[in-house]
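**Q** Here's a structure for you.
Every number here is computed from the coordinates shown, using simple stated rules; none is lab data. None of the values given here were measured: they were computed from a predicted structure.
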Amino acid sequence: MRRLFASGFLLVAALAAQDWQWWRQRGVQAFQAFDFPQAAEAFQKAIELNPGEVELHLYLGQAWYMQFKPCCLEPEHVERKAEDEFAKVLELDPDNTAALASLASLSFYEGNLDNATSWNKKLVAVAPQNKDAYYFLGLLAWRKSYPAYATARAQAKMSERKRRPLPPSAVKQKLISSFSSVIEDGISNLKRALELDPDYDDAMTYMSLLISERAGLRDSAKECSRDLATAKEWAQRALETKKRKAATSGAPDRMPLQQDVQCSTIDRLYPA
């Protein structure tokens, strides 16, 4: 009888130990070990025991997100599970910046640029000091506009070396009507990112790219040249900032060949 009582007591104690916090800890350990399927399973069990805990849904969403591989042919089930958990986080905590940033990132890697833009706009609305959200809005502006712009230049047989405005045409007018505001919004958001972090070299790079693109949509060669000069300045600032960061961080500087390639790229895109 005593043995049965003792066994029963130990069983109850063991079951009690496996509460949601126990499963949470197990999930964290699996996540840190890069065992994301095991982490997802543990976080799911924790949620079953405590479905109202925001942190658990965020953890589970991240565990699914880490299994998402955009290059795979059928990632939809993983993608959907991650999205569902982040959406649940926002149901419980509408201003959760981690969930908003995760949904923005997931949309970007899915190739859904409009959704990625929408999520980043929501993120800056609740976190106006988030420099990365402003940066991604700039990057997304370039990703949306550049393919059509590059195609128009190729169709007009315009050399990359000779940077000048696109010739007047229906194609150019369509580009202006479709993307001028997109480009200006992107530049504005990159400016905000650089106000928050003047050394944000990636933001400088995309500032250069967007201003260069705007140059091609200008009406006059003078306006185009002015934009190209500004774009070249931003490209050079990005290169100098990267080199300075590498030197001050104690990390090895970029290889000379890489520096030469980037410098020659600047000269090729923005010739004197």
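**Q** Going down the list K222/K243; K144/K242; K121/K242; K157/K232; K172/K243, which pairs span over 30 Å between their C-alpha atoms? All intermediate terms of the calculation are to be shown ahead of the outcome.
**A** Working: K222/K243 32 Å; K144/K242 26 Å; K121/K242 27 Å; K157/K232 23 Å; K172/K243 37 Å.
With Cα atoms farther than 30 Å apart: K222/K243; K172/K243.
**Q** Using only the Cα atoms of segment 19-126, build the gyration tensor, take square roots of its eigenvalues as a ≥ b ≥ c, and label the shape rounded, prolate or oblate: rounded if a/c is under 1.5, else prolate if a/b is larger than b/c, else oblate.
**A** oblate
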